[in-house]
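Bear in mind these aren't lab numbers, they're just calculated from the coordinates by the rules spelled out. All values derive from a computational prediction rather than experimental measurement. Every residue, glycine as well, gets a Cβ built from its backbone with ideal geometry; the counts of neighbours run over all protein chains shown.
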Amino acid sequence: MPSLKEIKNRIASVNSTRKITSAMKMVASSKLHHAQMAIQNMLPYENLLEHILKSFLVSTPNIDSPLASSHKEIKRVAIIAFTSNSSLCGGFNNNVLKELQTVVDNYQASGVEDIMVYPIGRKVEDYIKKHSIKSGGSFLDLAEKPNARECGDIAQELMNKFLAGELDKVDLIYHHFKSAGSQILTCKTMLPIDLSTESIGTENDRDLTSNVATAKAQEYLRQKDEERVAKVEAVKPLNDDFIVEPNLESVLDSLIPKQLNLMVYTALLDSNASEHAARMVAMQTASDNADELLRQLSLQYNKSRQQAITNELLDIVGGSANN
């Protein structure tokens, strides 16, 4: 059995660790709030742009855009993967890396040899370097501070390569932020872009009103999500005919790149919010474990102290009896 001094030192050590995890949870909670506000400020633009683009497409069915046309053979693929720059956020980074490796393995099994990864975050950047996967650049600052302009530059570069035939497909791998207690690992196709109206509003299911991620809150959100009935209204044409100025190609050449830029920026904001939510949950779990460990150590300390007192009393009584 450890001595009283050893138990006391262990209690002090756990207390110090608990202070750190508690402080990190508060910092993550504050950052999550700012990340939620960034998503909330972006949503009106996202909703209106998607509505304008797809309402226009519904009214003009005979549209053929090269960005929406699949290539006959998939030989060159680009993947944008979103992770964090730091750890201590549970399985957030590992989930993305596992999904990335699965996607890469599937492409290689189907005969795709030219695979390029655009790493958003230090963790995925280190991973592709370790596994000798072709990199599209370094974007460490972007993972820490989301920036719409840099996302637009990435989307523009990929779009130009797709149009030039240098890429046949572009995928996004990130965590879709639904709530503080639920982040969904998502892998979806960015190019060729999906211009169907059935998918409009499918990602507008975020709960940005709370940053509570306790077990009870997660259970409540799960039940609420199960009871919710999806009511996605079909996009209706604004009128039978559009007057397009200067021409149809110019309008599409302006709207579709904006939609692609928004897809990358939205994925970055979702990933950023998911990172802070995952770190908050991880630090809350660590604090709870520290509380439980402190309770056990305190009990052990009291038992050892009581045993030491009992032994001293027995020694005193035994000495008195011998005299």
Fill in: Length gained when the stretch SER22-GLU166 is fully extended (0.36 nm per residue, less Cα-Cα span)
47.0 nm
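Mind putting a number on the dipole of the stretch 54-186 about its Cα centre? Charges go on the C-beta only, +1 for Lys and Arg and -1 for Asp and Glu, and I need it in Debye to the nearest 20. Numbers along the way, then the final one.
Numbers: 15 positive and 16 negative charges, 52 e Å.
The calculation lands at about 240 debye.
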Discussion item. What percent of all Cα-Cα pairs in the stretch 95-149 falls into each 10 Å bin, going from 0 up to the bin containing the maximum distance?
Written reply: 22, 51, 22, 4
Worksheet item: How big is the stretch 114-193 in terms of Cα radius of gyration and Dmax, in angstroms?
Response: 13.6, 42
Practice prompt. Could you tally up the Lys pairs in the stretch 129-180 with alpha carbons closer than 30 Å? Skip any pair fewer than 8 positions apart unless they're on separate chains.
Written response: 14
